[in-house]
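A quick write-up on the structure given underneath.
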Amino acid sequence: MFSCTGFAAEAASAPLARFSFERRDTGPTDVRIEILFCGVCHSDLHTARNEWHFTVYPCVPGHEIVGRVVEVGSAVTKFKVGDRVGVGCMVDSCRECASCAEGLEQYCENGNTGTYNSPDKDTGHTFGGYSSHIVVEQDFVLRIPENLDLAAAAPLLCAGITTYSPLRHWGAGPGKRVGVAGLGGLGHMGVKLAHAMGAHVTVITTSQSKVADARALGADEVILSTSPDDMAAHANSLDLIIDAISADHPVDAYARLVKRDGAIVLVGAPENPLSIAAFTLLAKRRSFAGSGIGGIAETQEMLDFCAEHNVLSDIEIIPIQKINDAYERMLKSDVKYRFVIDMASLGTAA
């Protein structure tokens with residue numbers, strides 16, 4: 001084991017603060033990574049504050065990790081010291097079930113190992129990327145293409161793949177009309193990726209103030225969901241909606257924007273159940289679905305796609321000392337569109 005420094009929440013009501021802990025030594029197939037940047041996901045806040053009711057403390061959040069390899073195990077073949085790498089939302093899976101066999105480790109039937117707050121044989125539970133280093137088995141490490149800015153690539157490891165995976169699965173591309181509901185950390189990546197795939201992109205938002213931003217990000221149209229006339233005018237017009245809203249919202253009204261045989265796919269995680277009328281689905285053979293992150297192979301595919309099409313997250317870089325302020329600002333949607341921690345600041349953290 002070796003000593004590591006990070007920021008952790010010690011309780012649901014406690015602010016994140018400096019925390020020392022131990023990581024396992026680099027095993028034969030492990031990669032040890034110096035963390036350079038870590039994105040701040042809304043899931044970090046939910047978990048740190050135990051809003052999903054399964055947090056184990058102390059909790060070191062962070063699953064949008066980019067850095068450089070500083071050590072490799074004796075049997076590692078995929079990476080070498082100095083490589084630019086990333087780690088997303090999971091660091092292991094059973095590798096034996098049907099989902100793992102299909103490269104869908106995110107749906108591991110025996111439960112994948114999350115990058116943080118997940119059972120771990122070495123330390124009790126996993127600690128995430130708000131830290132100086134991480135040790136990960138090589139099969140769960142991703143290569144960051146050289147032309148991607150490291151800081152702006154960090155949110156691709158969660159926000160990017162969370163929207164890329166359903167866009168690919170439901171066939172977004174030329175000739176398809178794709179809606180993105182909610183223009184935040186997830187939604188802005190959905191817009192950029194759907195646009196890069198060649199789809200006609202429509203943003204669905206409650207806010208007139210986001211219209212210009214939506215168009216700047218690549219949207220062809222914007223629907224104001226607060227306008228009954230606007231919603232009625234776009235009924236039955238979309239092949240697919242990526243629903244990236246994490247708060248309660250009228251999903252039934254959004255679903256009515258979808259064409260016959262289209263789908264509305266939930267990628268946000270509202271705290272309360274959503275309500276959709278049976279006949280909203282039955283009348284047009286619509287689907288209401290959900291999608292998690294992507295598997296390791298698909299996540300690498302996404303990174304390579306982003307490198308080819310110059311797709312990156314819009315970010316605000318912060319020092320680790322500002323993480324508690326960032327959480328409060330995130331609750332107010334006061335960020336465009338993702339905070340990223342410069343982990344060099346950890347060396348000066350109080």
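Here are the numbers:
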quantity	calculated
For the chain, size of Cβ-based charge dipole, Lys and Arg +1, Asp and Glu -1, in debye	600 debye
Summed residue charge, Cβ within 12 Å of Ala307's Cβ, Lys/Arg positive, Asp/Glu negative	-3
Where labels lie 7 Å past Cα in the beta-carbon direction, separation of Ala344 and Ala283 in nm	5.7 nm
Selection from His195, Ala297, Val136, by position along the positive dipole direction of the chain (Cβ)	His195
Label point distance in nm, Ala253-Glu301, each placed 7 Å from Cα along Cα→Cβ	3.6 nm
Point-to-point label distance, Ser275-Ser227, nm (Cα→Cβ direction, 7 Å offset)	2.7 nm
The range 160-290 shape via C-alpha gyration tensor axes, a/c threshold 1.5	rounded
Electrostatic dipole magnitude of the range 1-139 [Cβ: Lys, Arg +1; Asp, Glu -1; Cα centre; debye, to 20]	400 debye
Mean separation of Cα contacts under 8 Å (6+ apart) over length of the chain, as relative contact order %	18 percent
Total lysine pairs whose alpha carbons fall under 17 Å of each other in the chain (8 or more apart, or interchain)	9
Distance-filtered residues of the range 110-127 - backbone nitrogen under 17 Å, label point 7 angstrom along Asp25 Cα→Cβ	122-123
Highest-fluctuation residue, Gln208, Gln106, Gln300 considered, GNM on the chain with Cα pairs under 10 Å	Gln208
Formal net charge of residues neighbouring Phe19 (Cβ-Cβ distance under 15 Å; K, R +1; D, E -1)	-1
Helix-only mean residue ellipticity at 222 nm for the chain, each DSSP H run of n ≥ 4 adding -39500 (n - 2.57), per residue, nearest 500	-6500 deg cm²/dmol
GNM flexibility winner over the chain from Ile317, Ile33, Ile296 (Cα, springs under 10 Å)	Ile317
Cα-centred dipole magnitude for the range 160-290, charges only on beta-carbon of K, R (+1) and D, E (-1), debye, nearest 20	440 debye
Rounded, prolate or oblate (a/c below 1.5 giving rounded, otherwise prolate when a/b exceeds b/c) for the chain by Cα gyration tensor	prolate
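Rule-based calculations on the coordinates, nothing more; no lab input. The model shown is predicted, which means the values in this text are computed figures rather than measured ones. Heads up, the Cβs are rebuilt from the backbone with ideal geometry, glycines too, and the neighbour counts pull from every protein chain shown.
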